[in-house]
1. How many residues does the stretch 310-343 hold that are open to solvent by 20 Å² or more (accessible area, probe 1.4 Å) and small (Gly, Ala, Ser)?
2. If we keep just the residues of the stretch 378-390 that are open to solvent by less than 80 Å² (accessible area, probe 1.4 Å) and either farther than 28 Å from GLU301 by Cα or not aliphatic (A, V, I, L, M) (or both), which is farthest from the chain's Cα centre (by Cα)?
3. Return the total of residues in the stretch 145-181 being of a type outside the set (Lys, Arg), in contact with a strand residue (DSSP E or B) (Cβ under 6 Å, 6 or more places away or on another chain) and without any contact (Cβ under 8 Å) to a residue 40 or more places away in the chain.
4. Out of VAL639, VAL646, report the one residue that is open to solvent by less than 10 Å² (accessible area, probe 1.4 Å), out of contact with any Phe, Trp or Tyr (no Cβ under 9 Å at 6 or more places or on another chain) and modelled with pLDDT under 95.
5. Do the conditions hold for TYR755, that is, is it in a helix (DSSP H, G or I), open to solvent by 10 Å² or more (accessible area, probe 1.4 Å) and on the phi < 0 side of the Ramachandran plot?
6. Identify, please: which residue in the stretch 181-213 is among the acidic types (Asp, Glu) and closer than 27 Å to VAL171 by Cβ and is, among those, most open to solvent (accessible area, probe 1.4 Å)?
Amino acid sequence: MEERYLFNTIEQKWQRKWEEENIYRTVEDEQKPKYYVLEMFPYPSGNLHMGHVRNYSIGDVIARFKVMQGYNVIHPMGWDAFGLPAENAAIKRGIHPAKWTWDNIAKMKDQLKSMGISYDWEREVATCHPDYYKWTQWLFLEFYKKGLVYKKKAGVNWCPSCATVLANEQVVDGKCERCDSVVDKKDLEQWFFKITEYADRLLEDLEKLPGWPDKVKTMQQNWIGKSVGAEVTFKTEAGHDLTVFTTRPDTIYGVTYMVLAPEHPLVEELTKGNGEADKVKEFVRKVRMMSNVDRMAADMEKEGVFTGSYAINPLNNERIPIFVANYVLMEYGTGIVMGVPAHDQRDFEFARKYNLDVRVVVQPEGEDLDGATMTQAYPAEGKMINSGPFNGLDSNEGIEKIIAYMEDKGIGKRQVNYRLRDWLISRQRYWGVPIPFIYCDKCGVVPVKEEDLPILLPTDVEFKPGGESPLKTSKTFLNTTCPECGGPAKRETDTMDTFVDSSWYFLRYCDPQNSEAPFTKAKVDYWMNVDQYIGGVEHAILHLMYARFFTKVLKDMGMVSCDEPFQNLLTQGMVLKDGSKMSKSKGNVVSPEEIIGKYGADTARMFILFAAPPERDLEWSDQGVEGCYRFLNRVWRLVEGFYAKVKDLESNNQALSKEDKELRRIIHSTIKKVTEDIEQRFNFNTAISAIMELVNGLYHYKDNVSENEQNLALVKFGLKNLVLLLAPFAPHISEELWANLGGNQSVHLQNWPEYDPASLEMDEITLVVQVNGKLRDKISVPKGISREDLEAKVLAEPKISKHLAGKEVVKVIIVPEKLVNLVVK
């Protein structure tokens, strides 16, 4: 055995051997329980960062631990490979997106292998490979057959720099989250998935996910935004219907104005010929420059303009003015709201600003609110007033009575509303999945035939800054024939949102080589659902929602049996340096390659797992990295020190000394602690801490028990269990040490150690001894000692007797197995 820990030699040796022997290859095995551990696959940017290292190290510990527990573990990896950065690289550097992407994949794959992650690379997928995106297109057509795909004109967020549509969530403070450009609004024909048809199931089935963080489930609940209320139709004086959704029908008698979203198609009609048209037109232009996020912000100043038109309240026939305002969005509800300033703070602020009436219609118990003197809205329940025949009702009862009244009169109905909008998936870019549709002057919009898939991305495209898809520059792609009539036709030039690709990749991993279908049901049903999913909380809404939607649709299609893709979810914290997220612009990036080159992959893994619990942010520490490196060297020296004595040693029945029993107790308590910390809590930091304590215990035994009295069989037992416990965290050094200790097969294929409860028992216990509550000594006594013997031993201790001189012991208080307190006077 080498005297020094040569991490570079060891890590390269075992990475090569693992690959040659293909030890991480997994196939279905009905004789074993399955376990599917998955980290969110990366975009191939070209370099791993420390966030990647943390994510994949967490997953690898779980995967290796479960293999050693006897599970049939699938642990795959792939590449979320389509996306805008590749296209931007093509424009900036003159490199084709495909070459840029595949070069990056090759580099990042080498980096992952250098970390010693236990991936089954035979299951590797890349979303930009035709073998993958053929089935993304196929699924798109299947969704279309189910009526879950449609196309319509829609106002969209447009980034002029990226020259593509952005989802609302990709607009931050009115700017593109990628390039920081100010986002415009455009009306474009766009493709949508009808995710709203699954809103109730997406909401209700969150209850099936006790293994998800509550904060993530709350984020999804809020995004779906289910509201129960009523839909009410007001009419304008010109006869136009203004339909609103409200959760507070009990306040309809308090409506003093109406508001339309600036984008609402009726705005132009309402301003015709009344002198307000120019003012309204300018206001609409101004508001359309704002992002939806800004318009919905609580601190946004509420602004509006009168349209010159009036509506009639259907319950009391009052004439009420109609405004256009910045705080109403076309995307939410009907794009029209009724203003009830006495009972909604937003409406109250607007009414005060524009001198509109504030009418109280719900009075709190024991108070007498006056709309003229109110300083804020009263949004809670109470007794109804100023509400015609509904006066005196409790407002909750009033809600039901007014809905029934409106349904009877045909002016409203009970309604459930959602904040969730249909998923806009069109992107005006090249590097994405081509949408498999064709436009024919004779036949209209026609789906591509299944046998013609995949629709391949062409290579004869030009990448220019600007608003049009580069696919329009390819004559070979654009011009085609209609599948229906055979006449000349044009291909769709939009590509799919990359979230489509990542909404089903976990299913393809189950059957990645299948050329006849996206996957076979039998294989998916064996592996799914994912037992443990790991990734950043930034994906809490979009990716997780879309993956859940896809899985539910596929279940309805009979392609899978599970209706939730991810049984348990771990959202790991960020890696920070100097209190900030690592970024090139801040100059605080630490390169994984640099750390691995200087200290080794095992040290990098140990630090990233030891520095903080996985769900919390981790502060980078160079001293912490060096500390983990010193610890692994300490483990190496410990094994090396005993190597020659224990390598060929068999177990024996040697009687255990007091020191032997204590070492045995430490070994078994460490097995128990590490097992529970990984299995029950993913507290890898405390598990590693326990392993460090075991190393301390072994060193203490080595240094304090003479060589001729050392129980070497027990030492070897301790060393082997140390290596087994360390294996998921530091796989290379563990593999080398296991071989040195006589292991014939990989340490990662061994059974996880089990502790012996009887060995946890201590023959002796340490007690604190106090005199009048002050600590005076600590003593060791046999476990189970009688009260009389314990009192006698305490009173005989020299350190205690000097505090008793000339005093009377009036009381002896014993807390079993903890302390003895002598009360004296």
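1. Of the residues in that region, 1 qualify.
2. Looking only at the stretch 378-390, we keep the residues that are open to solvent by less than 80 Å² (accessible area, probe 1.4 Å), and these are 378, 380, 382, 384-385, 387-388, 390.
Of the ones still in play, those that are also either farther than 28 Å from GLU301 by Cα or not aliphatic (A, V, I, L, M) (or both) are 378, 382, 384-385, 387-388, 390.
Details: TYR378: 37, GLY382: 41, MET384: 45, ILE385: 47, SER387: 47, GLY388: 51, PHE390: 48 Å.
Among those that are open to solvent by less than 80 Å² (accessible area, probe 1.4 Å) and either farther than 28 Å from GLU301 by Cα or not aliphatic (A, V, I, L, M) (or both), it is GLY388.
3. So the answer is 4.
4. Working: VAL639 fails: modelled with pLDDT under 95.
None of the other options fit; the residue is VAL646.
5. On the way: in a helix (DSSP H, G or I): no; open to solvent by 10 Å² or more (accessible area, probe 1.4 Å): yes; on the phi < 0 side of the Ramachandran plot: yes.
Considered against the rule, which asks whether it is in a helix (DSSP H, G or I), open to solvent by 10 Å² or more (accessible area, probe 1.4 Å) and on the phi < 0 side of the Ramachandran plot, TYR755 comes out as no.
6. So in the stretch 181-213, the residues among the acidic types (Asp, Glu) come out as 184, 187, 189, 197, 200, 204-205, 207.
If we keep only those that are closer than 27 Å to VAL171 by Cβ too, we end up with 184, 187, 189, 197.
Details: ASP184: 49, ASP187: 86, GLU189: 96, GLU197: 116 Å².
Looking at the filtered set, the residue picked out is GLU197.
Listed here are the residues, each with its yes/no results for (1) in contact with a Gly (Cβ under 9 Å, 6 or more places away or on another chain); (2) polar (S, T, N, Q).
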residue: GLN513; (1), (2): no, yes
residue: TRP527; (1), (2): no, no
residue: LEU554; (1), (2): no, no
residue: MET557; (1), (2): no, no
residue: LEU569; (1), (2): yes, no
residue: GLY579; (1), (2): no, no
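This table checks each residue for (1) surrounded by 22 or more Cβ atoms within 10 Å (Cβ to Cβ); (2) touching a His at 6+ places or on another chain (Cβ under 8 Å); (3) among the aromatic types (Phe, Trp, Tyr).
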{"site": "LYS235", "(1), (2), (3)": "no, no, no"}
{"site": "HIS240", "(1), (2), (3)": "no, no, no"}
{"site": "VAL259", "(1), (2), (3)": "yes, no, no"}
{"site": "PRO262", "(1), (2), (3)": "yes, no, no"}
{"site": "GLU269", "(1), (2), (3)": "no, yes, no"}
{"site": "LYS272", "(1), (2), (3)": "no, no, no"}
{"site": "ASP294", "(1), (2), (3)": "no, no, no"}
{"site": "ASP299", "(1), (2), (3)": "no, no, no"}
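The values are calculated or read from the model by the stated rules, or taken from the named source; none is laboratory data. The shown structure was predicted, so the numbers you read here are calculated from the model rather than taken from an experiment. Counting neighbours? That spans all protein chains shown, and the Cβs are built from the backbone with ideal geometry, glycine included. Areas reflect the complete protein model, heavy atoms only, side chains present, ligands, DNA and RNA absent. Shrake-Rupley method; radii C 1.70, N 1.55, O 1.52, S 1.80 Å.
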